[in-house]
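Coordinate-derived values only; no laboratory data. Quick caveat: nothing in here was measured; it's all calculated off a predicted structure. Cβ coordinates were reconstructed from backbone atoms using ideal geometry, including for glycine residues, and neighbour counts include every protein chain displayed.
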Ligand SMILES: [Zn+2]
């Protein structure tokens, strides 16, 4: 009982209503940005250690070039950006963890197809990190499922820190066979929107986002129930609605952020 009261006090103490950059949507995040970055860095080191980092020079260089352009406009001087390619043709996926830790799996490269296609995916993933969607999901999970227990783990350090790091990997679906806690629909949509803004600011053609989701739809026709696309698709539905919304945003973003000269 006392433990629970303590946790509740901590919850209310930390409950910070913050707003998302660009969209200004306000939400509650219970984890500090510093703590979140630390968890992201731990999870990233773990994933790189367990996975196979690709030595495919051409594609690694391409991803780092995209990363250089997008991170320049992301305006996060506190992030130590890293961009890696992981060898796994079955994983049609990519992610950006807090702290600017980006990885692509080789399986997504045939769908991204070009540098601009890779920029569509990377800008979307970076947007999730900028908007702190992981911390928001974690905070919702803390409140809804486990109350103060997880918060205690995050704040506690030691064994608690290890537990929260594990939770983080689960949250991002990084561990094999773990439950994937997907982003909400609203977060997905928000990442599409902010991703377009980053593309525009970095001088990439936003129209490629429509083309990319078109390719995803095509690649997944008739394959909805099985296969390697499931993981990315379960969290990123390639719907017509998604493409329509992107088409609507493009002229707005163009008006709001006039295109910089080509880098
Ligand atoms: Zn997403």
Each label sits 7 Å from Cα toward the beta-carbon; between residue 247 and residue 219 the label points are separated, in nm, by 2.2
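Would you order 212, 79 from fewest to most other beta-carbon atoms within 10 Å of each residue's own beta-carbon? Mind showing how you got there, number by number?
On the way: 212 24, 79 19.
Arranged by neighbour count, lowest to highest, 212, 79 become 79, 212.
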